[in-house]
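What follows is a single structure, written as structure tokens, with notes after it.
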Amino acid sequence: MYTQNTYFNFLALFSITLIVVYILYLVAYLASPNNPDKEKVSAYECGFSPFEDARQKFDVRFYLVSILFIIFDLEIAFLFPWTMVMFQTGFFGFITMLIFFFVLTVGFIYEWKKGALDWE
């Protein structure tokens with residue numbers, strides 16, 4: 001069962017994470033040059049300019065990479081609940097997560113070898 005100590009550990013980790021994120025953001029903001037040009041402020045999220053003909057051909061590799069990112073991101077999100085009960089699951093829970101990591105790694109290597117992550 002969850003104890004007060006478990007929630008404290010989670011809140012402590014969350015607080016430290018927020019502090020580190022804000023410090024890194026502040027350092028990057030202060031250290032980076034601010035000289036925008038036309039290329040820097042152009043739309044880049046969808047891989048093509050959204051102000052042209054809707055029937056224009058575009059590269060599908062962008063969507064493949066984004067779908068792979070979402071898949072692996074969701075799989076990594078399963079690790080956070082496991083960290084809360086890591087020591088309570090015992091050896092069986094540890095072996096289960098090793099199998100999960102193995103399947104995740106094999107899938108990533110497969111996609112890498114197939115060239116799904118290559119961008120030319």
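The values are calculated or read from the model by the stated rules, or taken from the named source; none is laboratory data. Every value quoted in this text rests on a predicted model; they were computed, and no experiment measured them. Cβ sites come from the backbone with ideal geometry, for glycine too, and all protein chains shown count toward neighbours.
Listing for the model above:
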| quantity | calculated |
| --- | --- |
| Tally, over the stretch 108-120, of residues that are without any contact (Cβ under 8 Å) to a residue 12 or more places away in the chain and part of a helix (DSSP H, G or I) | 5 |
| Every residue from the stretch 67-96 that is of a type in the set (D, E, K, R) and surrounded by 10 or more Cβ atoms within 10 Å (Cβ to Cβ) | GLU75 |
| Residue selected from the stretch 85-106 under the condition hydroxyl-bearing (Ser, Thr, Tyr) and under 23 Å from ASP73 (Cα atoms), by the criterion modelled with the highest pLDDT | THR96 |
| Filter result (at pLDDT 85 or above and of a type in the set (A, V, I, L, M)) within the stretch 107-120 | ILE109 |
| Residues of the stretch 1-14 classified as modelled with pLDDT of 85 or more and of a type in the set (S, T, N, Q), total | 0 |
| Odd one out for THR17 among (1) surrounded by 10 or more Cβ atoms within 10 Å (Cβ to Cβ); (2) over 17 Å from the mean Cα position of the chain (by Cα); (3) at pLDDT 85 or above; (4) farther than 20 Å from LEU117 by Cα | (2) |
